[in-house]
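First comes the structure, then the notes that go with it.
The values are calculated or read from the model by the stated rules, or taken from the named source; none is laboratory data. Here the structure is a predicted model, which is why all the values come from computation and not from measurement. All Cβ positions, glycine included, derive from the backbone under ideal geometry; neighbour counts span all protein chains shown. For the accessible areas, the whole protein counts, side chains as well, though only heavy atoms, and no ligand, DNA or RNA atoms are used. Shrake-Rupley method; radii C 1.70, N 1.55, O 1.52, S 1.80 Å.
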Amino acid sequence: MECRFCNILQKSYAYGEIDKPIFENDKFFAISSLGSIIEGWLLIIPKNHTLSMKDFYQQDDLKEFVNNILPVMEQKYGKVIAFEHGTNKEGSPTGCGTDHAHLHLVPFPKSLINKLEHSNLNWTECRPSDINNFSKHKEYLFYTELNNKWDNSQGYLSILDFPVSQFFRKLIADYYGKFEKSNYKEFQFIENSIKTIKNLKLSA
Ligand SMILES: [Zn+2]
Ligand SMILES: [Zn+2]
């Protein structure tokens, strides 16, 4: 199957400017997310095609990459949350329409913890580096709030017994009163992505 993120590495850009990395090193790149309900929404993507981020949470490379980007984001947009829809098989509805692992970094002034607790899923506190052990081979959702840096501090993990589609997008869309626009394939908010690229490139 065609992978949009792998294509980006071959400099084949399905979404033009939006697909061009804003930040990049030898292991990861970051692009502005399609369907950015809020300006500043980034995807952190490993250059290796793999299903989820859980192995990267145990390595310093990811931490270094994220910690270079966070100050730039925070200076421009304020507090940042991070989340992942961790899939375990190609084509899973959990995976945001891509089989290529990615971590969402989103400027968000509040906390989603209250909404997690009131969702129909079970959440446990978990450090990113423990996700691999806890999730075994199951799919998972992970949420954490960042304070200036990615330091492996506690976030919230939900192990999934069934696929869950666009979970965090729906919570964020709901927060902004745009629940009906939570499907990013229909509502791409291209204008927000373009602003993100302009503003973060200027500050980088
Ligand atoms: Zn890929
Ligand atoms: Zn995703």
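Inside the stretch 169-196, can you point out the residues that are out of contact with any His (no Cβ under 9 Å at 6 or more places or on another chain), within 15 Å of ligand 2 (Cβ to nearest atom) and either open to solvent by 60 Å² or more (accessible area, probe 1.4 Å) or in a helix (DSSP H, G or I) (or both)?
LYS170, LEU171, ILE172, ALA173, LYS185, SER193
Please verify whether ILE37 is in contact with a strand residue (DSSP E or B) (Cβ under 7 Å, 6 or more places away or on another chain), open to solvent by less than 50 Å² (accessible area, probe 1.4 Å) and closer than 30 Å to GLU180 by Cα, treating the condition exactly as stated.
no
For the stretch 1-46, name all the residues that are in a loop (DSSP other than H, G, I, E, B), within 16 Å of the chain's Cα centre (by Cα) and more than 15 Å from ligand 1 (Cβ to nearest atom). Step through it out loud before you land on a result.
Here is the first cut: in the stretch 1-46, the ones in a loop (DSSP other than H, G, I, E, B) are 1-3, 10-15, 20-22, 25-27, 33-41.
Next, only the ones that are within 16 Å of the chain's Cα centre (by Cα) stay: 21-22, 33-41.
Of everything in the stretch 1-46, those that are in a loop (DSSP other than H, G, I, E, B), within 16 Å of the chain's Cα centre (by Cα) and more than 15 Å from ligand 1 (Cβ to nearest atom) turn out to be ILE22, SER33, LEU34, GLY35, SER36, ILE37, ILE38, GLU39, GLY40, TRP41.
Hey, GLN166 hits all of (1) in contact with a Cys (Cβ under 8 Å, 6 or more places away or on another chain); (2) modelled with pLDDT of 95 or more but one; which does it fall short on?
Answer for GLN166: the failing condition is (2).
In the stretch 103-114, which residues are more than 9 Å from ligand 2 (Cβ to nearest atom), open to solvent by less than 10 Å² (accessible area, probe 1.4 Å) and under 17 Å from LEU157 (Cα atoms)?
Hits for the stretch 103-114 are LEU105, LEU112.
State yes or no: is GLU117 within 16 Å of ligand 1 (Cβ to nearest atom), over 22 Å from ILE37 (Cα atoms) and either open to solvent by 10 Å² or more (accessible area, probe 1.4 Å) or of a type in the set (S, T, N, Q) (or both)?
no
Being over 20 Å from ILE113 (Cβ atoms), within 15 Å of ligand 2 (Cβ to nearest atom) and of a type in the set (A, V, I, L, M, F, W, C) is the filter here; which residues of the stretch 46-102 pass it?
Within the stretch 46-102, LEU51, MET53, PHE56, CYS96, ALA101 meet the criteria.
Which residue pairs have Cβ atoms closer than 9 Å, lie 6 or more positions apart in sequence or on different chains, and pair a first residue in the stretch 76-99 that is on the phi < 0 side of the Ramachandran plot and open to solvent by 50 Å² or more (accessible area, probe 1.4 Å) with a second residue that is part of a loop (DSSP other than H, G, I, E, B) and β-branched (Val, Ile, Thr)?
Pairs found: TYR77/ILE38; PRO93/THR87; PRO93/VAL164.
Looking at (1) within 16 Å of ligand 1 (Cβ to nearest atom); (2) open to solvent by 10 Å² or more (accessible area, probe 1.4 Å); (3) of a type outside the set (Phe, Trp, Tyr), which is the one condition that is false for LYS54?
Among (1) within 16 Å of ligand 1 (Cβ to nearest atom); (2) open to solvent by 10 Å² or more (accessible area, probe 1.4 Å); (3) of a type outside the set (Phe, Trp, Tyr), LYS54 violates only (1).
Filter the stretch 9-21 for residues that are surrounded by fewer than 18 Cβ atoms within 10 Å (Cβ to Cβ) and in contact with a Leu (Cβ under 8 Å, 6 or more places away or on another chain) and give the result.
TYR15
What number of residues in the stretch 130-159 are within 14 Å of ligand 2 (Cβ to nearest atom) and either loosely packed, with under 15 Cβ neighbours inside 10 Å or not hydroxyl-bearing (Ser, Thr, Tyr) (or both)?
3
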